[in-house]
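As structure tokens, the structure follows; a few thoughts come after it.
Throughout, read-outs are computed from the coordinates displayed, never taken from laboratory work. The structure displayed is predicted, hence computed values, not measured ones. Don't worry about glycine lacking a Cβ; one is built from the backbone with ideal geometry, like all the others, and counts go over all protein chains shown.
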Amino acid sequence: MKKYIAVFDETGTSNRPQSTEESGFGVGAVLFPLAQAPELARISKHLGSIVGKEDYKYKDVLQNEAAREVFVQTLNRTSLSIHLFAFYAHGACMIHEGRRTKDAALAYGREYKQRSSPRGERFVPFDSFIAYMASCIAAHAATNVDIYWDRRTDLDQIKASFDEHIARQSATQRYRNVAERVSFKGRAQNDLALITRLAGVLAGDVWRYFESHGPKIWTALDVTGLPGEYDPHMTIDDPDVTGPPCVAVFMERLIKVAPVRTSVTSMLQGYYMRFLKNENKENLLSFGDPHGRLGIIGIVNGHHWKIYQLPD
């Protein structure tokens, strides 16, 4: 099985999920075979020269038409085996998600254990975020993946949290031994450090998409949290358990303007085809809404997309 590298960077009002409604946090990851790292690093340097800043950020690329064009063209190059992952959580999503899970446990008749973290109480929302992120990668990466992140002082804590959640996934029949395929390595260095800037642009662009289009998506979600016959936290290996239900279908463009010609909105329309796919070959974009409901946008094509909601 081919091995891929996944390079992560984050964006947000802080460097981790917060407990305030005005906050937000998201990550973006670029996945590629290790042999393609030098070419992606070269392109990252080229983007820096276009915007006149070596350590460029999303806003630098967004405000420069030539840089936007290079970014979108790079992600779509057929000579590069690029895949993308992104997860955006709005406001205090992960705090509310914990409360929803507690309420759902009562509905399912399951004992609820108050969430805690060996990394401290302030890390609990980040633990929840990482748990969902790890489960998405375990479910959809479909290959061996070594994960690297941009420089952070808490990388050891992130790695410990990621490893714990991947180990739990690996203990199930559905994702058996995924811990042998998905490994969090640590800080991105050398060529991979240059590629984190591309991941940062992706994270920022997805953030921008949800900031402008989120309200339409939030209103499509079921307010009840979709409690059902099966407890999603306890029956992952039940053969009758299927994926999250589709709650809305849109037959319109993801974004109504051209992805390169304007800086007023996200470039997502120009590169959505590179996101990881589900078994239906839909490109996937993960999100959490202001009320703690988690979901996935499944993109059939640029004019046809669905919203899947994860039951509480």
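Some values worked out for this structure:
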| read-out | value |
| --- | --- |
| Distance from region 130-159 to region 23-70 (C-alpha centre basis), Å | 20 |
| Sites matching trypsin sites (Lys or Arg not before Pro) across region 134-219 that sit in DSSP coil, with at most 14 neighbouring C-beta atoms within 10 Å | 151, 174, 176 |
| Relative contact order of region 3-309, pairs being alpha-carbon contacts under 8 Å that are 6 or more residues apart, as % | 26 |
| Where Rh is the Kirkwood radius over Cα pairs, Rg/Rh for region 41-86 | 0.97 |
| Bins of 5 Å, starting at 0 and running to the largest distance - Cα pair percent for region 1-109 | 2, 10, 15, 16, 17, 13, 10, 8, 4, 3, 2, 0 |
| When the convex hull of its Cα atoms is projected in every direction, mean area for region 58-195 (nm²) | 11.1 |
| Sequence of 149, 305 once ranked by neighbouring C-beta atoms within 10 Å, starting from the fewest | 305, 149 |
| Sorted by Cβ density within 10 Å, fewest first, the residues 124, 178 | 124, 178 |
| Selection from 114, 179, 295, by position along the positive dipole direction of the chain (Cβ) | 179 |
| Net charge of Cβ neighbours under 15 Å - reference residue 161; Lys, Arg +1; Asp, Glu -1 | +1 |
| The chain, Cα convex hull volume normalised per residue, Å³ | 128 |
| Distance histogram for region 139-200 (every C-alpha pair counted, 10 angstrom bins, percent rounded to whole numbers) | 22, 45, 28, 5 |
| Neighbourhood net charge (10 Å Cβ-Cβ; Lys/Arg +1, Asp/Glu -1) for residue 269 | +2 |
| Helix-only mean residue ellipticity at 222 nm for the chain, each DSSP H run of n ≥ 4 adding -39500 (n - 2.57), per residue, nearest 500 | -11500 deg cm²/dmol |
| Largest-first ellipsoid semi-axes for region 1-63, taking √(5λ) over the Cα gyration tensor eigenvalues, angstrom | 26, 20, 7 |
